[in-house]
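For reference, the structure is listed below as structure tokens.
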């Protein structure tokens, strides 16, 4: 009996890009593109409904970033491996995507050569990083120690905006997230830090240098 195909969702805001990616992926035996999405919201909805083995995800779709929704999609579909496909070739973006839970980070300029390999790796539960980007990442000096308590970069962003007095709605608007996602991040922050009130979160942010006392 043949192995079941790897079911893939393609998420990119350009239909012509999705068509090209579909050709690349469907040319590989064992791959099946079962859905496409053109917005972050549509992507979240389809991942939740379909639960594919792999999501090929554009990092920037229109005016919205999909980076902050990676934890939400993984919570909705834990067995989905996310392959980020992007034009962003800065190591910082790759680091943030991998820290958020992405399994692979591929540059669009190298998609013809690397996307199939990255999808295979992700489906096996492995990590794939564009080789040139990986070399640059390895060559960078160690990043300064971030906040303790295992906060993710996105949670730090949310915490900083909370400390500056923003509402959940204002944070969602500034970070191109849904209010639901901001609420989820806030709950994770409160659980990790053991602090539940805004005053406690502000004090934590001040103590860690995430905001200054004068704003």
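The values are calculated or read from the model by the stated rules, or taken from the named source; none is laboratory data. Bear in mind the structure is a predicted one, so any value in this text is a computation, not a measurement. We place every Cβ from the backbone using ideal geometry, glycine too, and count neighbours over all the protein chains shown.
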> Got a number for residues in segment 1-13 being outside any strand (DSSP E or B) and in contact with a strand residue (DSSP E or B) (Cβ under 8 Å, 6 or more places away or on another chain)?
Replying inline: 3
>> Looking at (1) buried (at least 24 other Cβ atoms within 10 Å of the Cβ); (2) over 21 Å from residue 186 (Cβ atoms); (3) touching a helix residue (DSSP H, G or I) at 6+ places or on another chain (Cβ under 6 Å), which one does residue 43 not meet, given that it meets all the others?
In response: (3)
>> For residue 85, only one of the following conditions fails: (1) in contact (Cβ under 8 Å) with a residue 60 or more places away in the chain; (2) assigned to a helix (DSSP H, G or I). What is its number?
In response: (2)
> Within segment 27-46, restricting attention to residues that are assigned to a helix (DSSP H, G or I) and touching a strand residue (DSSP E or B) at 6+ places or on another chain (Cβ under 6 Å), which residue is modelled with the lowest pLDDT?
Replying inline: 40
> Are any residues in segment 92-102 in contact (Cβ under 8 Å) with a residue 40 or more places away in the chain and crowded, with 20+ Cβ neighbours inside 10 Å, and if so, which ones?
Replying inline: 94, 96, 100, 102
> Any idea which residue in segment 117-140 is farthest from residue 86 (Cα to Cα), counting only those that are crowded, with 16+ Cβ neighbours inside 10 Å and out of contact with any strand residue (DSSP E or B) (no Cβ under 6 Å at 6 or more places or on another chain)?
Replying inline: 120
> Only one of 79, 13 is out of contact with any helix residue (DSSP H, G or I) (no Cβ under 6 Å at 6 or more places or on another chain) and over 20 Å from residue 124 (Cβ atoms); which?
Replying inline: 13
> Residues in segment 47-79 that are touching a strand residue (DSSP E or B) at 6+ places or on another chain (Cβ under 7 Å), assigned to a loop (DSSP other than H, G, I, E, B) and either free of Cβ contacts under 8 Å to residues at least 60 places away in the same chain or closer than 27 Å to residue 159 by Cβ (or both): how many?
Replying inline: 3
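Determine if segment 132-151 includes at least one residue that is modelled with pLDDT under 90 and within 16 Å of the chain's Cα centre (by Cα).
Looking through segment 132-151, at least one residue is modelled with pLDDT under 90 and within 16 Å of the chain's Cα centre (by Cα).
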> Among 172, 111, 135, 122, which is the only one that is free of Cβ contacts under 8 Å to residues at least 24 places away in the same chain and out of contact with any helix residue (DSSP H, G or I) (no Cβ under 6 Å at 6 or more places or on another chain)?
Replying inline: 135
> Which residue pairs have Cβ atoms closer than 7 Å, lie 6 or more positions apart in sequence or on different chains, and pair a first residue in segment 188-199 that is not assigned by TED's automatic domain parsing to the domain that holds residue 68 with a second residue that is part of a loop (DSSP other than H, G, I, E, B) and surrounded by 11 or more Cβ atoms within 10 Å (Cβ to Cβ)?
Replying inline: 189/151; 190/196; 192/149; 192/151; 193/149
